[in-house]
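Structure first, then comments.
Nothing in this text is a laboratory measurement; each read-out follows from the coordinates by a stated rule. No experiment lies behind these values; they were computed from the predicted model shown. Cβ sites come from the backbone with ideal geometry, for glycine too, and all protein chains shown count toward neighbours.
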Amino acid sequence: MNINQHWLTDITQTPSPNYDERPVPTDISLLVIHCISLPPGEFDNFYIDQLFCNQLDPNKHPYFEKIHQLTVSAHILIKRTGKVVQYVPFDKRAWHAGKSEYEGRERCNDFSIGIELEGTEQIEYTDQQYLQLTAVIQTLLKSYPELSAQRITGHSDIAPGRKNDPGASFDWQRLFCLLNES
Ligand SMILES: [Zn+2]
């Protein structure tokens, strides 16, 4: 896995219109881990792609009526199979964190990369997801020197009380073990 022009190579590129410029384009200094599944708890479909590309059909599921008009995105999605999809180049600001604060600094979208895991806050993530997440993070750490293993956080940590993802189902120790081994 490599990065070319702020896109990962050898993954699926599904460009989203939901991004804008970072205030400082080179300030990429935090990784934010999220989870998403659409409808909640259902996997292995294209609804997340459709949401991030403003193409989610509200008639397909009652839950979609509430969310189909959101303009949101993340840089990366890692599906249950380990398949990686990128929606926004890393030097642009994806819209994943919302109102948020990390170490006293607000608006985490300005300086972070958002990584979504296809999943829920209750269901264990897959082995393939941990392995691909590790590979993605290692590649990012090599390319963006202001990132580090110490600057990886969960959405729930930067938006406490408002967000709970990636949830108790995410094994942070396992991630850090994998990062140390590789
Ligand atoms: Zn989130």
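Structure values in brief
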| item | result |
| --- | --- |
| The chain, Cα convex hull volume normalised per residue, Å³ | 111 Å³ |
| Where only C-alpha atoms are counted, convex hull volume of the range 1-95 per residue in Å³ | 103 Å³ |
| Estimated FRET transfer efficiency (Glu181, Leu70; beta-carbon r; R0 35 Å; 0.05) | 0.40 |
| Gain upon complete extension [Ala149, Trp172; 0.36 nm per residue less C-alpha separation] | 7.1 nm |
| Cross-link reach list, lysines versus Lys99, counting only Cα pairs under 23 Å and skipping chain neighbours closer than eight places | Lys66, Lys163 |
| Cleavage-rule hits (trypsin sites (Lys or Arg not before Pro)) in the range 102-146: DSSP loop, at most 16 neighbouring Cβ within 10 angstrom | Arg107 |
| Within the range 95-182: Cβ-based charge dipole about Cα centre, in debye rounded to nearest 20 (Lys, Arg +1; Asp, Glu -1) | 260 debye |
| Likely footprinting exposure, Tyr144, Tyr87, fewest C-beta neighbours within 10 Å first | Tyr144, Tyr87 |
| Label-to-label distance, nm, for residues given as Asp27 and Thr9 (7 Å Cα→Cβ offset) | 3.1 nm |
| Net charge of neighbours whose Cβ lies under 11 Å from the Cβ of His96, counting Lys and Arg as +1 and Asp and Glu as -1 | 0 |
| Length-normalised contact order for the chain - Cα pairs under 8 Å, 6+ apart - percent | 29 percent |
